[in-house]
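I have placed the structure first, in the form of structure tokens, so that the comments after it can refer back to it.
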Amino acid sequence: MFEAKGAIEHVIGLNAALRASDADIADLQRLHERLVAAEAAEAPQGYAELNEAFHLRLAELAGNAGLPKVYTRLQQNIPRARHRINDDPARVRASLAEHEGIMAAMAARARLDLAERLVTHNEATAAAITAKIGVQRGAP
């Protein structure tokens, strides 16, 4: 799932950086600020929900009607595991730092940087989840 999601994240990054309006980026920044507040309040459930909304919004900003649908389908396969890693304050802090870089690339409209940051964030999430549930990468 995460390998497929990584490919989608790459396309999202390439397109969202070019197609989002300034108002879209400002809205995404406000959503990011709500993520920061959820982390500060140590509210893992709120963080998880905002994180999901943040990534779905990025998929929407890519300007391709099919991307949010595919992204949502992939996300539906891993919700419990994603929520479990948000109980780990260290992973939430790391995720938030990754989001800071994502927002910087988005604000700069640096499409290659944004694409790479989204792929790297996806890989870090995959590693955290597979470690939490005890699955070896590449295992069936």
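Is one or more of the residues making up the stretch 39-61 surrounded by 19 or more Cβ atoms within 10 Å (Cβ to Cβ), in contact (Cβ under 8 Å) with a residue 40 or more places away in the chain and acidic (Asp, Glu)?
Yes, some residue in the stretch 39-61 is surrounded by 19 or more Cβ atoms within 10 Å (Cβ to Cβ), in contact (Cβ under 8 Å) with a residue 40 or more places away in the chain and acidic (Asp, Glu).
If you scan the stretch 58-73, which residues turn out to be over 17 Å from Phe2 (Cβ atoms), part of a helix (DSSP H, G or I) and in contact with a helix residue (DSSP H, G or I) (Cβ under 6 Å, 6 or more places away or on another chain)?
The first filter runs over the stretch 58-73 and keeps only residues over 17 Å from Phe2 (Cβ atoms), leaving 60-66, 68-69.
Still in the running and part of a helix (DSSP H, G or I): 60-61, 66, 68-69.
Passing the criteria: Glu60, Leu61, Pro68.
Quick one: how many residues across the stretch 24-74 are among the basic types (Lys, Arg) and under 12 Å from the mean Cα position of the chain (by Cα)? Please lay out each step first, then the result.
First, pick out the residues of the stretch 24-74 that are among the basic types (Lys, Arg): 30, 34, 57, 69, 73.
Checking the rest, the ones that are also under 12 Å from the mean Cα position of the chain (by Cα) come to 57.
Residues that pass the stated criteria total 1.
Are there any pairs, at least 6 apart or on different chains, whose C-beta atoms fall under 7 Å, with the first in the stretch 18-29 and within 11 Å of Met106 (Cα to Cα) and the second modelled with pLDDT of 95 or more and among the charged types (D, E, K, R), and if so, which?
What qualifies is Leu18/Arg109; Leu18/Arg111; Leu28/Arg57.
Could you tell me whether the stretch 83-98 includes any residue that is at pLDDT 85 or above, surrounded by fewer than 17 Cβ atoms within 10 Å (Cβ to Cβ), more than 16 Å from the chain's Cα centre (by Cα) and aliphatic (A, V, I, L, M)?
Yes, there is a match, as at least one residue in the stretch 83-98 is at pLDDT 85 or above, surrounded by fewer than 17 Cβ atoms within 10 Å (Cβ to Cβ), more than 16 Å from the chain's Cα centre (by Cα) and aliphatic (A, V, I, L, M).
Residues of the stretch 99-134 being basic (Lys, Arg) and either under 12 Å from the mean Cα position of the chain (by Cα) or over 18 Å from Asn15 (Cβ atoms) (or both), which ones?
Just the residues of the stretch 99-134 that are basic (Lys, Arg), to begin with: 109, 111, 117, 132.
The answer is Arg117, Lys132.
Count, please, the residues in the stretch 12-26 that happen to be part of a helix (DSSP H, G or I) and touching a helix residue (DSSP H, G or I) at 6+ places or on another chain (Cβ under 7 Å).
First, pick out the residues of the stretch 12-26 that are part of a helix (DSSP H, G or I): 12-19, 22-26.
From the residues that got through so far, the ones that are touching a helix residue (DSSP H, G or I) at 6+ places or on another chain (Cβ under 7 Å) too are 12-14, 16-19, 24-25.
Total meeting the criteria: 9.
The values are calculated or read from the model by the stated rules, or taken from the named source; none is laboratory data. As the structure is a computational prediction, the values presented were derived from the model and not from experiment. Because the Cβ atoms are built from the backbone with ideal geometry, glycine has one as well, and the counts that use them run over all protein chains shown.
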